[in-house]
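Have a look at the structure below, then the notes.
The values are calculated or read from the model by the stated rules, or taken from the named source; none is laboratory data. Remember, it's a predicted structure, so these values are computed and weren't measured experimentally. Neighbour counts run over all protein chains shown; Cβ positions are idealised from the backbone, glycine included.
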């Protein structure tokens, strides 16, 4: 029986397969995709394909009609390797025929891996979104947001978009700004209530979670810093600390617990299932954590999060989703890391007293604890922009650096370039301008405006050159096989070299250039002329994108105060409060009003 017939008999309009072959945090961050599919395709039958080793977190996701478990222990390693691949392919074919047949109407691959692309290609019977393969077994991405998501990991200097939103947009869906959601089994809820009631905590005692582990040691804030933070907090108000983590991380928990009064700490490391962990996190007043999967689980169950982003972790990329969380990064030129670091400076850059002050502010809604000294930190409050995208607003009075300014340029420019048919550009532009005025003082340093204009101007010239070369090749192709194409092929190589050089010289526009290369499509017809037409189209689109970025950068810069240099420094020394935006101050003070 064909799927269309079976689907109709079951009362469904279509079948949708979502491929997510990733870990805990990535599974949870895909929950908005499932929610939006339910909203935009209400009559569909929704299947989630996940790794068999991550059944527990996958089963917490809402909106899934059916699960399929990829046998990772048997097939994943064999398929990624070069040995025994014929046998592995035969096993894969048999598994697909048994588990995913007939082919679904729509396949959405959220996994940026060759395995994910291969599976999405093999099972597709209709439309495929995300990273997949074409008929020539070449990888490609669709829609355009999926192309952006694919390249931004290698060009993330100014990326403003959270992975949650990149998943949604890469799936061809519209963000709703509702954050992450999971469902917790009743039995795990009851067990969590029982274990907390057994502690007999006094009324008014804040339940504070600590998660000292992370995927890699360089992303872990030192255990002694967690302990010092807890000691400062308990001196200010009654607290009970819950330590979470996996069995291998018990050493970190013991290092923390040994520094705290035994009656004020409970170590759950290695003692909870994923549903049990979710239930315990839901009962916290605050979780202080590194950038980890459990951080996203806490956000999904409604707990307030204070996240620490060290080494390669970056707030805009993977910060906690939703409103009212706080995320901290070190203000270091080397952050986020681009190379291994034997002695991470970022571990010492975040002071436990600063973390404690922010944590107490979230618990007590008291601005006295909220600010502290923050010149060595980038402190963000999570929010949602008018288009439903996750946003991270800095503490008012933050220095507007080149890095931060171009991140805001990217937020507005990409929204205009890729969302033009769905969003009102002026609404977003107004929101961005207001955010810049509200959260940054009127002191401008070198924002890279002159260099950015030069780089974007050169990009426009190089893209126009590439388009002209492509059109010459098209004309030469009309002359037949005798046409001399070698000079034009060399010209193409020179164009691409110029673009790569620009990406290195001004990293703030690297994502534009990488996006251009990712978006190039293989023509449906063979031959030189179709290829030349495709290249001409791609270079023309690059020019349009460059023009959008140039205009956005100029418009945003023109809306900022021209105060600069020694005069601004003198004014700030004379009255530190003069340039502070009072409305934004009140907004920051109310950051703990979790919505």
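Does segment 163-170 contain at least one residue that is part of a loop (DSSP other than H, G, I, E, B) and either within 26 Å of residue 508 (Cα to Cα) or touching a residue at least 24 places away in the same chain (Cβ under 8 Å) (or both)?
Kept after step one, since they are part of a loop (DSSP other than H, G, I, E, B), are these residues of segment 163-170: none.
No, segment 163-170 has no match at all.
Quickly run through segment 380-402 and pick out the residues that are at pLDDT 95 or above, under 28 Å from residue 241 (Cα atoms) and buried (at least 20 other Cβ atoms within 10 Å of the Cβ).
380, 381, 382, 392, listed by residue number.
Checking the condition over 22 Å from residue 326 (Cα atoms) and either in contact with a helix residue (DSSP H, G or I) (Cβ under 7 Å, 6 or more places away or on another chain) or surrounded by 22 or more Cβ atoms within 10 Å (Cβ to Cβ) (or both), which residue from 290, 267 passes?
Checking each option against the conditions leaves just 267.
Which of the following residues is crowded, with 17+ Cβ neighbours inside 10 Å and closer than 22 Å to residue 361 by Cβ: 228, 220?
228
Return the total of residues in segment 26-45 being outside any helix (DSSP H, G or I) and buried (at least 22 other Cβ atoms within 10 Å of the Cβ).
Residues that pass the stated criteria total 1.
Inspect segment 322-331 for any residue being in a helix (DSSP H, G or I) and more than 17 Å from residue 162 (Cα to Cα) and give the result as yes or no.
The answer is no; no qualifying residue exists.
What residue, among those in segment 317-327 that are under 14 Å from residue 378 (Cβ atoms) and surrounded by 24 or more Cβ atoms within 10 Å (Cβ to Cβ), is farthest from the chain's Cα centre (by Cα)? Please lay out each step first, then the result.
Filtering segment 317-327 down to residues under 14 Å from residue 378 (Cβ atoms) leaves 317, 319, 326-327.
Narrowing further to those that are surrounded by 24 or more Cβ atoms within 10 Å (Cβ to Cβ): 319, 326-327.
Numbers: 319: 7, 326: 16, 327: 14 Å.
Here the residue is 326.
Looking at segment 292-319, which of its residues are under 22 Å from residue 183 (Cα atoms) and part of a loop (DSSP other than H, G, I, E, B)?
Hits for segment 292-319 are 292, 301, 302, 303, 304, 319.
Okay, residues lined up against (1) over 29 Å from the mean Cα position of the chain (by Cα); (2) assigned to a loop (DSSP other than H, G, I, E, B); (3) under 23 Å from residue 153 (Cα atoms):
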residue: 453; (1), (2), (3): no, no, no
residue: 473; (1), (2), (3): yes, no, no
residue: 487; (1), (2), (3): yes, no, no
residue: 509; (1), (2), (3): no, no, yes
residue: 514; (1), (2), (3): no, no, yes
residue: 553; (1), (2), (3): no, no, yes
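Working carefully through the options 203, 215, find the one that is assigned to a loop (DSSP other than H, G, I, E, B) and closer than 23 Å to residue 360 by Cβ.
Residue meeting the stated conditions: 203.
Scan segment 329-348 and tell me whether some residue there is touching a strand residue (DSSP E or B) at 6+ places or on another chain (Cβ under 9 Å), assigned by TED's automatic domain parsing to the domain that holds residue 230, under 22 Å from residue 438 (Cβ atoms) and surrounded by fewer than 24 Cβ atoms within 10 Å (Cβ to Cβ).
yes
Return a yes/no flag: does segment 192-200 have any residue that is closer than 18 Å to residue 419 by Cβ, in contact (Cβ under 8 Å) with a residue 60 or more places away in the chain and touching a helix residue (DSSP H, G or I) at 6+ places or on another chain (Cβ under 6 Å). Break it down stepwise before answering.
Residues of segment 192-200 closer than 18 Å to residue 419 by Cβ: none.
Within segment 192-200, not a single residue is closer than 18 Å to residue 419 by Cβ, in contact (Cβ under 8 Å) with a residue 60 or more places away in the chain and touching a helix residue (DSSP H, G or I) at 6+ places or on another chain (Cβ under 6 Å).
Does residue 117 qualify as being in a helix (DSSP H, G or I) and in contact with a helix residue (DSSP H, G or I) (Cβ under 9 Å, 6 or more places away or on another chain)?
no
Kindly indicate which of 263, 230, 255 is in contact with a strand residue (DSSP E or B) (Cβ under 8 Å, 6 or more places away or on another chain) and either more than 17 Å from residue 352 (Cα to Cα) or in a helix (DSSP H, G or I) (or both).
Of 263, 230, 255, the one residue that is in contact with a strand residue (DSSP E or B) (Cβ under 8 Å, 6 or more places away or on another chain) and either more than 17 Å from residue 352 (Cα to Cα) or in a helix (DSSP H, G or I) (or both) is 230.
With touching a helix residue (DSSP H, G or I) at 6+ places or on another chain (Cβ under 7 Å), in contact (Cβ under 8 Å) with a residue 24 or more places away in the chain and farther than 27 Å from residue 53 by Cβ as the only criterion, which of 175, 185, 238 stands out?
Checking each option against the conditions leaves just 175.
With respect to residue 502, determine if the residue is surrounded by 15 or more Cβ atoms within 10 Å (Cβ to Cβ), in a loop (DSSP other than H, G, I, E, B) and touching a residue at least 40 places away in the same chain (Cβ under 8 Å).
When the stated conditions are applied, residue 502 does not pass them.
Quick one: would you say residue 476 is over 30 Å from residue 406 (Cβ atoms) and either at pLDDT 90 or above or buried (at least 17 other Cβ atoms within 10 Å of the Cβ) (or both)?
yes
List pairs: first residue in segment 93-117 and assigned by TED's automatic domain parsing to the domain that holds residue 66 and buried (at least 19 other Cβ atoms within 10 Å of the Cβ), second residue modelled with pLDDT under 90 and in a loop (DSSP other than H, G, I, E, B) anywhere in the structure, Cβ distance under 7 angstrom, at least six positions apart or on different chains.
Once the first residue is assigned by TED's automatic domain parsing to the domain that holds residue 66 and buried (at least 19 other Cβ atoms within 10 Å of the Cβ) and sits in segment 93-117, its partners that are modelled with pLDDT under 90 and in a loop (DSSP other than H, G, I, E, B) give 104/125; 105/125; 105/126; 106/126; 107/124.
Only residues in segment 422-437 that are under 13 Å from residue 558 (Cα atoms) count as the first member; pair them with residues that are surrounded by fewer than 17 Cβ atoms within 10 Å (Cβ to Cβ) and modelled with pLDDT under 90, Cβ under 9 angstrom, at least 6 apart or cross-chain, and list the lot.
433/559; 436/559; 437/559; 437/561
Restricting to segment 349-361, name every residue that is outside any loop (DSSP other than H, G, I, E, B) and either surrounded by 17 or more Cβ atoms within 10 Å (Cβ to Cβ) or without any contact (Cβ under 8 Å) to a residue 24 or more places away in the chain (or both).
Correct list: 349, 352, 354, 355, 356, 357, 358, 359, 360, 361.
Of everything in segment 55-86 that's part of a helix (DSSP H, G or I) and at pLDDT 95 or above, which residue is surrounded by the most Cβ atoms within 10 Å (Cβ to Cβ)? Break it down stepwise before answering.
So the first thing to find is which residues in segment 55-86 are part of a helix (DSSP H, G or I), and the list is 55-58, 72-80, 85-86.
Of the ones still in play, those that are also at pLDDT 95 or above are 55-58.
Details: 55: 12, 56: 15, 57: 23, 58: 21.
Restricting to residues being part of a helix (DSSP H, G or I) and at pLDDT 95 or above, the top hit is 57.
Does segment 129-162 hold any residues that are under 20 Å from residue 541 (Cβ atoms), touching a strand residue (DSSP E or B) at 6+ places or on another chain (Cβ under 9 Å) and part of a loop (DSSP other than H, G, I, E, B), and which are they?
Hits for segment 129-162 are 134, 143, 161.
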